[in-house]
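One structure below.
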Amino acid sequence: MSNVLVLVDHSAGKVRKTTAELLTIARRLGEPVAVFIGGNDGGSVSDALPALGQYGATKVIALSSPELSQFLVAPKAEALQQVAAKVEPSAILISSNAEGKEIAARLAVKLESGLITDAVDVQEGPVTTQSVFAGNYTVKSKVTHGTPIITVKPNAATPEAAETSPEVEEFEVSISDTAKTARITESKPREATGRPELTEAAIIVSGGRGTGGDFGPVEAFADSLGAAVGASRAAVDSGWYPHAYQVGQTGKTVSPQLYVAAGISGAIQHRAGMQTSKTIVAVNKDPEAPIFELVDFGVVGDLHKVLPTATEEVTKR
Ligand code: FAD
C-alpha cells in the first residue's frame, strides 16, 4: 500500500482534531505516515504519539532541526520536500489553515506537483471536493501532475479511531539559508476563552448587527452547547467582537456540524464562510431576512429573548 503523508497540526504536542480528520482521510488513500514538526511551544513527538496512534498513523516521522521552529513557514516546506523524497508518498495532506496553505503552496512549487486547497472531502483517487464561488458550485477535481498535495478544511471528515502503535523515526533535515529569511521574534498564545477554536468547532453560535453590541446571549448559548462564538463583519467592524472571530469572505471559513446565526441577515460575503455547515439555524426578527433561504431551521424572533430561552432549555437537559 502506498504511503500518504499527513502533516501533524498541534499545539505544544497536543494534536488538533483536524489531524485526526486527515489521518481518517489518509486511511482511505493508503498507509498514513504522520510528519511531526516540533514547535517553539515545548511539545514533543511523545506528547502527540497516543493521538496519532489512535487515528491510525502507521509511522511517525519526527523532524529535528532548531530552524524549523525559529523561522516562519519556508523551512517547513523544505523539510517536507526532503521527507517526500525519502518516503515517495502517493499524496500529501495538510490542514487548510493559513500556515498549512502556505506550506502546501511552497511544497507544490518545490515538488512541481499539483495542489488542491480547501477540500471539503477527499475520496480514493484521490478525488477531492471543493465548494467554490461563495459556495455556489461544488467542484470535484484530481491532481494530474506530480504528488497530489491537498489542503483539507476542518470537519471534512468525522475522525474514526483505528488503534495502531506507530514507530517513530527521527529524521534529520538540512535547511538552506534561503529558507531562513523570516525569523520568529516572539510568539504569544491567544488569550484562552475556554471555548473551542472557531475553525475546528463542531458547533458555532455567531452574532451579527442584530445583537446591538451585546454578545452576552450569544456567548451564553454557545457555552450551554460547548460551542465556539463567531461574528459577522458588521459586528466586528462595530468593535463588538474581535476580528479573529469573523466568519465570511474576509474572515474565517467554517464548516461545523451546527451553525447558529443570530441577528445576521445572510449577506453573500457571510454565507461564503459558513454555508457548507451541515445544519444551519437562524434567529432573526425579520421573516424576510435572506438568511432564511439557506437555513435548515429558522426562528423568527428577537435574539435577546430566543437565545436565553434556548440556553435555559439546553442547560436543563
Ligand atoms: P445586517 O446585514 O445589518 O443584518 C442584521 C440582521 O439582524 C438583520 O437581518 C435584522 O433583521 C436582524 N436583527 C436586528 N435586530 C435583531 C434582534 N433583536 N433579534 C434578531 N434579529 C435581529 N460580512 C461578513 O459577515 N463576513 C465577511 O467576511 C464579510 N466580508 C466582506 C467582504 C467584502 C468585500 C464586502 C463588500 C462585504 C463583506 N461583508 C462580510 C459584509 C456583508 O456584506 C454584510 O454587510 C454583513 O455580513 C452584515 O452583517 P450582519 O448580517 O450582522 O448585519
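Bear in mind these aren't lab numbers, they're just calculated from the coordinates by the rules spelled out. Here the structure is a predicted model, which means the values were calculated and not measured. Note that we place each Cβ from the backbone using ideal geometry, even for glycine, and neighbour counts take in every protein chain shown.
At-a-glance table
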| item | result |
| --- | --- |
| Selection within the range 146-185 - of a type outside the set (Asp, Glu), farther than 25 Å from Pro75 by Cβ and out of contact with any strand residue (DSSP E or B) (no Cβ under 8 Å at 6 or more places or on another chain) | Asn155, Thr158, Pro159, Ala161, Ala162, Thr164, Ser165 |
| Condition met for Leu258 (in contact with a strand residue (DSSP E or B) (Cβ under 6 Å, 6 or more places away or on another chain) and surrounded by fewer than 22 Cβ atoms within 10 Å (Cβ to Cβ)) | yes |
| Residue identified as touching a residue at least 24 places away in the same chain (Cβ under 8 Å), near the ligand (Cβ under 10 Å from one of its atoms) and of a type in the set (A, V, I, L, M) among Ala261, Ala227, Ala310 | Ala261 |
| The range 46-62 residues that are surrounded by fewer than 24 Cβ atoms within 10 Å (Cβ to Cβ), paired with ones that are outside any helix (DSSP H, G or I) and among the polar types (S, T, N, Q) (beta carbon under 7 Å, 6 or more apart) | Gly53/Thr164; Gly53/Ser165; Gly56/Thr164; Thr58/Thr164 |
| Some residue of the range 156-167 being part of a loop (DSSP other than H, G, I, E, B) and surrounded by fewer than 10 Cβ atoms within 10 Å (Cβ to Cβ) | yes |
| Residue that is in a loop (DSSP other than H, G, I, E, B), within 15 Å of Asp9 (Cα to Cα) and aliphatic (A, V, I, L, M), where the choices are Ala51, Ala57, Ala104, Ala77 | Ala57 |
| Subset of the range 81-104 (residues that are of a type in the set (A, V, I, L, M), over 16 Å from Val4 (Cβ atoms) and in contact (Cβ under 8 Å) with a residue 24 or more places away in the chain) | Ile103 |
| Residue satisfying all of: in the range 264-277; in contact (Cβ under 8 Å) with a residue 40 or more places away in the chain and in a loop (DSSP other than H, G, I, E, B); nearest to Gln130 (Cα to Cα) among these | Thr276 |
| Total residues in the range 187-224, condition more than 13 Å from the ligand (Cβ to nearest atom), of a type outside the set (D, E, K, R) and in contact with a Lys or Arg (Cβ under 9 Å, 6 or more places away or on another chain) | 5 |
| Filtered residue count, the range 268-288, keeping only those that are surrounded by fewer than 22 Cβ atoms within 10 Å (Cβ to Cβ), within 12 Å of the ligand (Cβ to nearest atom) and either more than 19 Å from Leu198 (Cβ to Cβ) or hydroxyl-bearing (Ser, Thr, Tyr) (or both) | 5 |
